[in-house]
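Student: Got a structure here, written out as structure tokens. Questions coming.
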């Protein structure tokens, strides 16, 4: 298992470094367009850039949490990795929209954003269902100390069953 972990970390390092190199190349090619977008006085462009920054920071936070969970051999790192990737995809969409200075002008941009939003909604629904299932599995379990959960009130098991 340790060898697989080292392999996964090496693969992650390769992917992240290649994405950083691609980002540097993109910046070198489109430097003037990026500067013009960042210095724009349009409210729409500024809001889209703020949206991109928020989604990027949230995605990076999810990815860092996933990395810490992976290194600690705890579960839940896959769903956090997927959430982080989807949020960074949404940030890229917002950044591209800021460059168009209007509603999604290329027709595929709208579908791209809807795809990421749909995947994120499905991920949230899956996570909620998983949490409800895990919570219901622990209710009534002898080690949980709970017999039933009604709303937010939890009744502790105090009497012994004869």
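Derivation of every value follows stated rules applied to the coordinates shown; laboratory data play no part. Nothing here was measured: the structure is a model prediction, and the numbers come from that model. Neighbour counts run over all protein chains shown; Cβ positions are idealised from the backbone, glycine included.
Student: Kindly put 32, 40 in sequence by how many other C-beta atoms sit within 10 Å of each C-beta, fewest to most.
Tutor: The fewest-first ordering by Cβ neighbours comes to 32, 40.
Student: Arrange the following residues from fewest to most other Cβ atoms within 10 Å of their Cβ: 135, 4.
Tutor: 4, 135
Student: Taking the beta-carbon count within 10 Å as an exposure proxy, list 93, 81, 100 from fewest neighbours to most.
Tutor: Fewest-to-most Cβ neighbours within 10 Å comes out as 100, 81, 93.
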